[in-house]
Structures are given as structure tokens and as C-alpha cells.
Amino acid sequence: MRVESFGTSLGGIDIPILKISNRNEDTEKFEENKPIIIIIGRQHPGETYSSFIIHGFLNYILSKHLICHKFRELFETWVIPIVNPDGVVAGNYRSNLQGKDMNRHFFADEDPEGYRNRAFEVEIIR
């Protein structure tokens, strides 16, 4: 597992990303051409159970179970455990620091002001 920065929120909080896969047994390096699965948590800050789900998923996928080992061989999984840290810190239930619900502002491409109407964190993800 590698821990990297996915970016910085509007409030200046680092958004971590966990990249999970098995290393190549011969080279001890991570392979770059595996299909990628992306999982995000805490898009809506008030849905605290998302943290528990991400925690359980990480415990399982990083375990020594044979099926998990095989899964890590075939795929690279990117986990962003808290995609809306500003909303969590501000105590919002659904919105980010801009006051936008990230679900409602994910695809604003047809909107003439598409970029400005998308939530900041959504733009990082896209």
C-alpha cells in the first residue's frame, strides 16, 4: 500500500489517497497497467458510517485472505477515505466548504458555467 496526496481542499486540508495492490514478485515494484478501482468515503460529511465502511474494507482488502491477495494481483484499488474534509471540519451534513452537495454538482458539463458550478473536490476527482 502506498499513501499519497490526492490534493488539497479549499480549506487547505490534505486529501490522502491510498493505492493498494501487490508488488510484482520478481521486481518488487508496483505494476502500472492494472485496472484501477476507485472508492471514496465521506462525500457527505454527516454520513459518519462511511468511515466505518472504509475502515472495514481496508482491513479486509489488506488481509492475507487468498481472495484478497488475488484481487490485489489483478487490480489496483485507490481509496480516498475522506473526499470532503472541509465539510467534516465545518460540521456540515451534506455540503462542502462552498455549500455545495457534491452529488448534485458532479456532472455540470452541460451547464454554461460548468466548472464554477461543480464542487471543488469533484473537480479534483474528475
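Read the figures in this text as sums done on the coordinates, not as results from a lab. What you see is a predicted model; the values in this text were computed from it and never measured.
Were the residues from PHE52 through GLU32 laid out at 0.36 nm apart, the gain over their Cα-Cα distance would be 4.3 nm. Summarising the amide proton neighbourhood of PHE30: residues at separation of 5 or more, or on other chains, whose placed amide H is nearer than 5 Å comprise ASN24. Mean separation of Cα pairs under 8 Å and 6 or more residues apart, divided by the residue count, gives region 2-93 a relative contact order of 40 percent.
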